Amino acid sequence: MYAELKRLSERPEVFSVYTAETLWTDPHLAKRMLQTHLSQETALASRPIKAIDQVVDWIDRSFELDGKSVCDLGCGPGLYTNRYAGRGAIVQGLDFSRSSIDYARTHAPSHGGSVTYRVADYLKDPLPEGQDLVTLIYCDLCPLSPNQRQALLAKILRALAPGGRFVFDVFSLEAFERVNEGVSFARNLMNGFWSANDYFAFQHTFRYDQEAVSLDRFTVIEKDRTWDVYNWLQYFSRDEIRRALMQAGFGSIAFTEGFGVDRSDETTFGVIASA
Ligand SMILES: C[S@@+](CC[C@H](N)C(=O)[O-])C[C@H]1O[C@@H](n2cnc3c(N)ncnc32)[C@H](O)[C@@H]1O
């Protein structure tokens, strides 16, 4: 047990393991994630509906959604995509969580533009071309390693129509300041979130100060198996995001505080980029 605990408390090399697919697509976790997306009590997977309405208002005011082709990467249960379509956009939503896509499809609006959904991995699968707008909302660039991020940014640039924009948000360095290293251990940690079976789980939080990266590593110990989920997050300055976008070939880059959402807490910022 000592050797195992020692292994668990060791700091993994930054971005050395990628487990996002388990987090979002394991059947039990996908069900719990869908509840988390839809819950108005927690903002862990999606913003509350009031804030989503404000973001969609801001996007509509800024880019005039009516008649535009829009691709939303990591669309989850369609909380933005269905609203874009309701405002007349021709929308494609991509996500690798089948349960989220099923939910999004059954809640598609019957008026306005149109929306089609695809179960796909935006890191591996092709993106639709000729998009007026590509969105990646709720800091989904942050779990990616620098190599994954740069490959995705280049792919998004190729998906844009001439004059098309890429709109996304990221965690700020102010959010990184709030990360504290620590460990928690509990039976059925997070009220059974990690498995339908009885389990014990550790959450180890690590900071990587030089890289401005945090890791929450969850180790789930069930009767018959032990498994880990690695939640990496990269936090950005505006200069760092500008550098990453320029390296991928974007030429025009602007920032927005919070897509028009009322907030007292500055932990994310929005970015609008185009060729
Ligand atoms: C933090 S949630 C945000 C969902 C949605 N944008 C929202 O704000 O309501 C991240 C979403 O991205 C999806 N996702 C993460 N990595 C993905 C990938 N490589 N390909 C497709 N979907 C991915 C997850 O399944 C999840 O639905």
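The values are calculated or read from the model by the stated rules, or taken from the named source; none is laboratory data. Note that the coordinates shown come from a computational prediction; the quantities given were computed from them, not determined experimentally. Neighbour counts run over all protein chains shown; Cβ positions are idealised from the backbone, glycine included.
For this structure, a couple of remarks:
- Residues being farther than 22 Å from residue 61 by Cβ, within 20 Å of the chain's Cα centre (by Cα) and in the same structural domain as residue 63 (by TED's automatic domain parsing) are represented in region 158-166 by at least one member.
- The residues on offer are 52, 59, and the sole one that is part of a helix (DSSP H, G or I) and buried (at least 19 other Cβ atoms within 10 Å of the Cβ) is 59.
- In region 112-160, the residues that are part of a helix (DSSP H, G or I) and either over 26 Å from residue 230 (Cβ atoms) or aromatic (Phe, Trp, Tyr) (or both): 157, 158, 159
- Subset of region 87-111 that is out of contact with any Phe, Trp or Tyr (no Cβ under 6 Å at 6 or more places or on another chain) and part of a helix (DSSP H, G or I) - its residue that is farthest from the ligand (Cβ to nearest atom): 106
- Residue check for residue 84: closer than 17 Å to residue 164 by Cβ, more than 8 Å from the ligand (Cβ to nearest atom) and either assigned by TED's automatic domain parsing to the domain that holds residue 203 or assigned to a helix (DSSP H, G or I) (or both): yes
- Candidate set from region 161-206 (those that are among the charged types (D, E, K, R) and assigned to a helix (DSSP H, G or I)); member that is nearest to residue 9 (Cα to Cα): 177
- For region 241-262, filtering for residues that are touching a residue at least 12 places away in the same chain (Cβ under 8 Å) and not in a strand (DSSP E or B) leaves 14.
- Subset of region 170-184 that is touching a Ser or Thr at 6+ places or on another chain (Cβ under 9 Å) and free of Cβ contacts under 8 Å to residues at least 60 places away in the same chain - its residue that is farthest from residue 220 (Cα to Cα): 176
- Annotation: of all residues in region 1-21 being surrounded by 15 or more Cβ atoms within 10 Å (Cβ to Cβ) and within 16 Å of the ligand (Cβ to nearest atom), the one that is nearest to residue 84 (Cα to Cα) is 20.
- Within region 1-15, being at negative phi and in contact (Cβ under 8 Å) with a residue 60 or more places away in the chain holds for 8, 9, 11, 12, 14.
- In the set 27, 12, only one residue is within 15 Å of residue 101 (Cα to Cα) and over 18 Å from the mean Cα position of the chain (by Cα); that residue is 27.
- For first residues located in region 206-235 and on the phi > 0 side of the Ramachandran plot and surrounded by 19 or more Cβ atoms within 10 Å (Cβ to Cβ), partners that are in a strand (DSSP E or B) and modelled with pLDDT of 95 or more and lie 6+ apart or on another chain with Cβ distances below 7 Å form the pairs 212/234.
- Members of region 236-275 that are within 24 Å of residue 208 (Cβ to Cβ) and small (Gly, Ala, Ser): 237, 244, 248
- Subset of region 62-80 that is among the charged types (D, E, K, R) and under 16 Å from residue 116 (Cβ atoms) - its residue that is surrounded by the fewest Cβ atoms within 10 Å (Cβ to Cβ): 68
- Residue in region 53-66 that is within 12 Å of the ligand (Cβ to nearest atom), under 16 Å from the mean Cα position of the chain (by Cα) and at pLDDT 90 or above present: yes
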